[in-house]
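The values are calculated or read from the model by the stated rules, or taken from the named source; none is laboratory data. Please read all numbers here as calculations on a predicted model, not as lab measurements. Note that we place each Cβ from the backbone using ideal geometry, even for glycine, and neighbour counts take in every protein chain shown.
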Amino acid sequence: MIVRIMGEGQLDVAAEDLSALNTLDGELESAIEADDEPRFRVALHSLLDNVRKAGRPLSAESLEPSELILPPADSAMDEVRAMLGDTGLIPD
């Protein structure tokens, strides 16, 4: 699955890594629902760090469409809240 982290680029993430990333996405959603800024910050950084670890970076010249778009690490909670769909940032 091609994942874009806004402002950083695209990564190719294997399907078997999505379950662990979905768990982290759930923690992020929970922090947003609780309006807990410190927990939100930790959860967002954890999610992005794990995407970077699991993914294989694509070249800047790659024209692959992104299947998922994740916010940058410095995003405000309201910005991420607006990006959440019914299934969070990472679908089940």
Exercise. From S62, S66, S75, grab the single residue that is in a loop (DSSP other than H, G, I, E, B), in contact with a helix residue (DSSP H, G or I) (Cβ under 9 Å, 6 or more places away or on another chain), hydroxyl-bearing (S, T, Y) and touching a residue at least 24 places away in the same chain (Cβ under 8 Å).
Key: S75
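Report, by residue number, each residue of region 1-30 that is among the β-branched types (V, I, T) and without any contact (Cβ under 8 Å) to a residue 24 or more places away in the chain. Full working, then the answer.
Let us first name the residues in region 1-30 that are among the β-branched types (V, I, T), namely 2-3, 5, 13, 23.
Answer for region 1-30, where residues must be among the β-branched types (V, I, T) and without any contact (Cβ under 8 Å) to a residue 24 or more places away in the chain: just T23.
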Quiz item: What number of residues in region 53-80 are surrounded by 15 or more Cβ atoms within 10 Å (Cβ to Cβ) and not hydroxyl-bearing (S, T, Y)?
Solution: 9
Quiz item: With L58, L89, L70 as the choices, which residue is among the aliphatic types (A, V, I, L, M), under 16 Å from G7 (Cα atoms) and touching an Asp or Glu at 6+ places or on another chain (Cβ under 8 Å)?
Solution: L58
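When region 43-67 is examined, which residues are found to be hydroxyl-bearing (S, T, Y), closer than 18 Å to P91 by Cα and at pLDDT below 95?
Listed by number, the list holds a single entry, S66.
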